[in-house]
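Structure first, commentary second.
The values are calculated or read from the model by the stated rules, or taken from the named source; none is laboratory data. On a predicted model such as this, the values are computed, not experimentally measured, just so you know. Positions of Cβ are generated from backbone atoms using ideal geometry, with glycine treated the same way; all protein chains shown enter the neighbour counts. Keep in mind that these areas ignore ligands, DNA and RNA; they rest on the heavy atoms of the full protein, side chains included. Shrake-Rupley method; radii C 1.70, N 1.55, O 1.52, S 1.80 Å.
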Amino acid sequence: MKHKERYRAKIAGFCFILPALLVVGLLLLYPVLSSIFYSFTSKHLIKPSYDFVFFDNYIKVLTDPDFMKAFFTSVKWTICSLVGQVLVGFTAALALERIRRGKGLYRTVLIIPWAFPSIVIALSWKWILNGVSGFLPNFLVQIGLCETPPQFFSSGGLVFPTLVFINIWLGAPLI
């Protein structure tokens, strides 16, 4: 008798969550399936009609040198960010374990990247690194490391490492 009651309770529980599972499943599946379908067509956002082009879109993308450059930049971004976040996060966690006094204060300081909305963080870094009036470029000039303020967001060699550094700073508290 108890076996039947447990079975009925499981069925009832499943029936209660079934509508939510269906909605979530549809919200996840529809965009994925429609993207796959439209990737085989000449669908344009403005034109309502389209033709099937099968693998032509994939051939165009995979033979485009700009795509391959962007793809490898994305791979480099992911590897650098993840390795940096893990190294900084674990190092900070191990260092926090050794601290006896003021541990709460240090934890609060380390969690600052999560305390503010992303837009506030982005605008803060934009101000800190601004080549004309930013704190860091002018500080580097004042202490004699540079003759002119470095352009962190417009100098080709500094943009990627600067953005990776900011991403590591933002994601390390998660680790």
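Between Lys47, Lys43, Lys76, Lys10, which is closer than 26 Å to Leu163 by Cα and either out of contact with any Pro (no Cβ under 7 Å at 6 or more places or on another chain) or small (Gly, Ala, Ser) (or both)? Before you say what the answer is, go through the steps one by one.
On the way: Lys47 fails: closer than 26 Å to Leu163 by Cα; Lys43 fails: closer than 26 Å to Leu163 by Cα; Lys10 fails: closer than 26 Å to Leu163 by Cα.
When all the criteria are applied, what remains is Lys76.
Of all residues in the range 126-145, which are aromatic (Phe, Trp, Tyr) and modelled with pLDDT of 90 or more?
Pass one, the range 126-145, residues aromatic (Phe, Trp, Tyr): 127, 135, 139.
Trp127, Phe139 - these are the residues of the range 126-145 that are aromatic (Phe, Trp, Tyr) and modelled with pLDDT of 90 or more.
The listed residues are Leu110, Leu96, and the only one of them that is modelled with pLDDT under 90 and open to solvent by 60 Å² or more (accessible area, probe 1.4 Å) turns out to be Leu110. Being open to solvent by less than 100 Å² (accessible area, probe 1.4 Å) and touching a strand residue (DSSP E or B) at 6+ places or on another chain (Cβ under 8 Å): is that true of Phe40 here? So Phe40 passes the test.
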